[in-house]
Amino acid sequence: MINDKKRIKSQEIFNQLVLNAIDFLEHSVSEIEKNPKYSIINFCTAVELFLKSRLMLEHWSLIFNDPKQANLDKFLQGNFTSVGMEGAIKRLNKIPDLKFDDNAEKNFNTIRKHRNQLVHFFNATELEIVATEECKGWFYLSQLLREKWKDDFLEYVDDIDKLDKLMLNVRRYLQAKFNALLPEIEIKKKQGISFNTCPSCGFDSSENKVIAEISQFSDYLLSPDCLVCNFEAGKELIVSCPNCENGQIKVQELGKGECESCEYSINLDYLLDKYAESKHIEKGLFENNRAYCNSCEHFKQPTVVPYENIWLCLSCLKSYDYNQVGNCEFCGELVSGNLDDSFLSGCLMCEGMAGYYRDKDD
Ligand SMILES: [Zn+2]
Ligand SMILES: [Zn+2]
Ligand SMILES: [Zn+2]
Ligand SMILES: [Zn+2]
């Protein structure tokens with residue numbers, strides 16, 4: 001009986017959060033031209049409510065600002081201080097299945113800081129900046145609602161589709177910026193740089209930047225960056241086909257890709273061998289040029305290899321500066337990430353000295 005009541009009430013609170021989020025988002029779009037300040041404030045509230053609603057599905061106590069004070073009666077009465085956007089983002093990121101990517105987090109935090117500035121100081125803001133942040137914000141939010149968290153928001157599929165159409169209107173406030181950039185884009189195209197349609201703002205302004213290349217193999221790493229809205233689309237590793245002449249294979253994640261000319265496919269093991277030369281050198285050296293990735297946490301094998309002057313994870317394509325990879329001071333594994341306290345706190349492969357003593361005490 002109590003459980004039933006709790007379940008029904010939880011669902012009701014979830015629905016209210018989502019409906020409210022939709023309402024704020026609609027207001028945000030309708031206000032953008034006349035009042036960009038209120039548009040971004042409402043947009044931010046909408047993002048916050050969507051994040052909270054998903055957090056609440058995980059466990060109702062997680063939307064309390066202080067989960068230790070969480071109390072079912074207070075929750076059921078709606079009588080509590082709820083977690084803020086920053087806290088909600090942190091909590092979601094601690095749950096492996098809900099964790100979102102770094103760029104989404106960065107964008108949500110930019111919007112949050114912008115909102116705070118506008119709420120606390122009497123400032124005006126520019127329509128173009130607001131449109132840029134909202135286009136990117138919607139790209140990341142809709143990706144969560146329509147893909148990653150799809151099953152949780154099934155009931156709202158139609159509403160989310162409607163919001164998507166509405167949000168497309170925001171792109172037109174970036175048309176003038178795109179027009180101004182056209183001459184620059186034309187010059188770059190003549191220099192051989194290619195452009196794609198930006199998934200965030202929709203203009204053909206996403207520059208395919210080469211950030212590292214291994215000329216010996218004619219392979220390179222592309223990082224698309226939009227000149228209009230600065231949206232950074234996912235990286236692509238371009239690999240020359242081992243099966244045909246001039247064929248190219250685009251790899252986006254997990255080392256998987258297929259040749260555009262002959263359909264030959266490659267995998268992670270192929271790429272690891274190609275760049276980290278396991279076949280040609282003895283074991284000691286081999287271990288020194290493959291590190292475990294602390295970003296995608298691919299524990300099965302070390303996937304980070306030297307790539308020109310950076311380290312590159314062949315599984316998630318995250319790149320690291322040369323000094324961001326090293327041996328853990330406790331277990332000695334080669335890993336990526338900050339290893340300053342690794343003797344005490346360990347790395348992604350071990351729990352460090354602290355873990356060693358904790359296990360001993362048990
Ligand atoms: Zn863009
Ligand atoms: Zn081929
Ligand atoms: Zn990785
Ligand atoms: Zn370690």
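Per-structure values
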| quantity | calculated |
| --- | --- |
| Gly84 under 23 Å from Lys148 (Cβ atoms), assigned by TED's automatic domain parsing to the domain that holds Glu155 and modelled with pLDDT under 95 | yes |
| Scan of segment 239-256 for residues that are away from ligand 3 (no atom under 16 Å from the Cβ) and surrounded by 15 or more Cβ atoms within 10 Å (Cβ to Cβ), ordered by number | Val239, Ser240, Cys241, Gly247, Gln248, Ile249 |
| Segment 225-238: number of residues that are buried (at least 21 other Cβ atoms within 10 Å of the Cβ) and not in a loop (DSSP other than H, G, I, E, B) | 2 |
| The lone exception for Lys68 - which of (1) closer than 21 Å to Asn169 by Cα; (2) of a type in the set (Lys, Arg); (3) assigned to a helix (DSSP H, G or I) it fails | (1) |
| Subset of segment 122-162 (residues that are outside any helix (DSSP H, G or I) and crowded, with 17+ Cβ neighbours inside 10 Å) | Thr125, Trp149 |
| Matching entry among Glu245, Glu253, Glu258 (being more than 26 Å from Asp321 (Cβ to Cβ) and either in a loop (DSSP other than H, G, I, E, B) or assigned by TED's automatic domain parsing to the domain that holds Pro306 (or both)) | Glu245 |
| Condition broken by Phe231, with the remaining ones in (1) aromatic (Phe, Trp, Tyr); (2) within 16 Å of ligand 3 (Cβ to nearest atom); (3) in contact (Cβ under 8 Å) with a residue 60 or more places away in the chain satisfied | (2) |
| Top-ranked residue in segment 184-224 [being more than 18 Å from Phe139 (Cα to Cα) and small (Gly, Ala, Ser); ranked as surrounded by the most Cβ atoms within 10 Å (Cβ to Cβ)] | Ala212 |
| Cβ pairs under 6 Å, 6+ apart, first in segment 297-311 and touching a residue at least 60 places away in the same chain (Cβ under 8 Å), second more than 16 Å from ligand 4 (Cβ to nearest atom) and polar (S, T, N, Q) | Ile310/Ser319 |
| Residue satisfying all of: in segment 186-207; at pLDDT 95 or above and assigned to a strand (DSSP E or B); farthest from Leu317 (Cα to Cα) among these | Phe195 |
| Output for segment 21-38, where each listed residue is in a helix (DSSP H, G or I) and either β-branched (Val, Ile, Thr) or closer than 17 Å to Trp149 by Cβ (or both) | Ala21, Ile22, Leu25, Val29 |
| Test result for Lys34, surrounded by fewer than 16 Cβ atoms within 10 Å (Cβ to Cβ) and under 22 Å from Glu133 (Cβ atoms) | yes |
| Segment 205-240, residues that are out of contact with any Ser or Thr (no Cβ under 7 Å at 6 or more places or on another chain) and within 16 Å of ligand 2 (Cβ to nearest atom) | Leu237, Ile238, Val239 |
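The values are calculated or read from the model by the stated rules, or taken from the named source; none is laboratory data. Please read these numbers as outputs of a predicted model, since none were measured by experiment. Every residue, glycine as well, gets a Cβ built from its backbone with ideal geometry; the counts of neighbours run over all protein chains shown.
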